[in-house]
Amino acid sequence: MTVLILTSEEDVTADMVVAELHGMGTPVLRLDPADLPGKAVLSADYAHGDFDGHLSVNGHVLSMSGLRSVWVRRPGEPAAHAAHPSPWLTAETRQALYGMLHSANARWMNHPRNADQARLKPWQLRVAHLSGFAVPPTVFTTAPRLAREFTEEHRDVVVKSASGPPPDDPSLALPTTLIGPDADFSAVGAGPALLQRYVHKSADIRLTCVGTRLFAARKTAEPGQVDGRYGDTGHTWQPVPVPDRIGKSVHEYVTLAGLAYAAFDFAEDEDGIWWFLECNQGGQFGFVELETGQPIAQTVALWLAQRRADRRGG
């Protein structure tokens, strides 16, 4: 039984898991959907009242009957590397590839349907509330007046991107920016703005959930730091225990979201409260593992290698 990893050619996080799978003796096939058609070939047969499918990558053939699990790590757009790419070819290739994979009896990390929903920031915040997390007051709006009123109420407010940088222009990445009531809110009418009460934090927390296993790491923040992704604080990630309340909320969240893997970001305030900021269903973990030594790649590999019939809670 083979593990299929859908990701780009250059993905160090996936490399770590592939190495673990090889060490376990578990067959693994790696595919970037952008290489289909071209470097990869597929065939699905729904004749004679049954289903059979095959995927060939660089001469290695995978039968859908031998597919153990699918890790949707960081796949490219289907047919993006084709000789004559087009929106139509991408749509057709997506139908063929994912339709075939959905027809197989395999485990998903994470299922595309659940992953698409989990990417939606407004939905994340709703599920975070339902799961019992502490969530900073937040507003999404296209009304400049409401944005100004929210900022006047909470004073210290951050504005940030809900979807991340545009895929065709990474230079337009919007770091989390601290603003006050004197900011110009006129541009809010041109596109939805995400405003959130600023958490005066003492540390950033990254919590990685793999099935039922939780790995938390903490990095001390500099005074007044806004976005932990940018700038060097001079501190490293350190492993920390997961508080019981947080662990319970994490398991509630991933159950409601239908996720097998999730990377949570929290801001820890001076009172030790972990404030929920976001949950990335496909977040990287390599940088945390390298600094903390937490066996996250091994745990992902074990989940992927587990037989479906043997599944227990993960």
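Confirm whether S43 is of a type in the set (S, T, Y) and farther than 21 Å from V18 by Cα.
yes
Here are E289, E268, E252: which of them is among the acidic types (D, E), in contact (Cβ under 8 Å) with a residue 40 or more places away in the chain, closer than 22 Å to V17 by Cα and outside the structural domain of D11 (by TED's automatic domain parsing)?
Of E289, E268, E252, the one residue that is among the acidic types (D, E), in contact (Cβ under 8 Å) with a residue 40 or more places away in the chain, closer than 22 Å to V17 by Cα and outside the structural domain of D11 (by TED's automatic domain parsing) is E289.
Kindly evaluate I273 against the criterion of being over 30 Å from L21 (Cβ atoms), out of contact with any Ser or Thr (no Cβ under 7 Å at 6 or more places or on another chain) and modelled with pLDDT of 95 or more.
yes
More than 25 Å from the chain's Cα centre (by Cα) and under 19 Å from L21 (Cα atoms): does that describe H54?
no
Give the residue, chosen from R113, R126, that is more than 21 Å from V210 (Cα to Cα), in a helix (DSSP H, G or I) and either out of contact with any Phe, Trp or Tyr (no Cβ under 9 Å at 6 or more places or on another chain) or at pLDDT 95 or above (or both).
Result of the check over R113, R126: R126.
Would you say F287 is of a type in the set (F, W, Y) and at pLDDT below 95?
yes
The values are calculated or read from the model by the stated rules, or taken from the named source; none is laboratory data. Owing to the predicted nature of the structure, the values given are computational and were not obtained by experimental measurement. Neighbour counts are summed over all protein chains in view; Cβ atoms, including those assigned to glycine, are modelled from backbone coordinates with ideal geometry.
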